[in-house]
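All of the numbers you see were taken from the coordinates with simple rules; none came from a lab. Note that the coordinates shown come from a computational prediction; the quantities given were computed from them, not determined experimentally. Ideal geometry is used to build each Cβ from the backbone, glycine not excepted, and the neighbour counts take in all protein chains shown.
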Amino acid sequence: MTLFRFYKIIPFILAIVTVALDQLTKYLVVSYIPVGGSAAVFFDGLLSIVHNRNLGVAFSMGNNLNDSLRALFFIGLPLIVFGIFIYYYFKEEDLTALQRYAFTGILGGGIGNIIDRVFRPEGVVDFISVKFYGLFGMAYFPTFNIADSMIVVCGIIFAFSLLGRGSAVK
């Protein structure tokens, strides 16, 4: 049984496209919008393009950690987890095509944010702002980016695919 098969490599195109699109959009935001600024508003204020930075992870968790702990938890640990997941991905034969694409979408999003954590010491660039109209006590949903979107959407797809099959493995 060969570890690397063509059908396992093709989904990584999604990871590459995700990283490229994520980094391109972040580059444009950094180049044209000052931190804390806004560039565009769509759908009567429902969606805005802004420039925020986040030193933490989802919902700014970990913003107050010192630099060493932040690097350990938000760069080192994810890289180890990615290594384990990639090993599983290539070893496992029972993942469906949908699960493989969802997995590589999550991987691409994670890599996009890790690139920011390594090369942008002022924090991950977040730029998509969605008005929440007071739902859950929030006027706006926490600002996010393309990488975050891929992680969440592909994570949901992967989770539902597991529920639909009972599990990813037999």
#### Entry: Residue-count net charge about LEU107 - beta-carbon cut-off 15 Å; Lys, Arg +1, Asp, Glu -1
-1
### Query
Say each of GLU92 and LEU24 gets a label point 7 Å from the Cα, pointing the same way as Cα to Cβ; how far apart are those two points in nm?
3.0 nm
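Let's test the formula: R0 of 22 Å, r as the Cβ-Cβ distance of GLU122 and VAL17. What FRET efficiency results, to the nearest 0.05?
My answer for the efficiency is 0.25.
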## Note on the structure
Cβ-Cβ cut-off under 14 Å around SER48, Lys and Arg +1, Asp and Glu -1: the net charge is -1
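Which ordering of TYR140, TYR89, TYR27 is given by a fewest-first count of other beta-carbon atoms within 10 Å? Please list the in-between numbers first.
Details: TYR140 14, TYR89 18, TYR27 11.
If I rank by nearby Cβ atoms, fewest first, I get TYR27, TYR140, TYR89.
Tally Lys/Arg at +1 and Asp/Glu at -1 over every other residue whose Cβ is under 12 Å from the Cβ of TYR27; what's the total?
Details: positive: LYS26, ARG120; negative: ASP22, ASP116.
Result for the neighbourhood of TYR27: 0.
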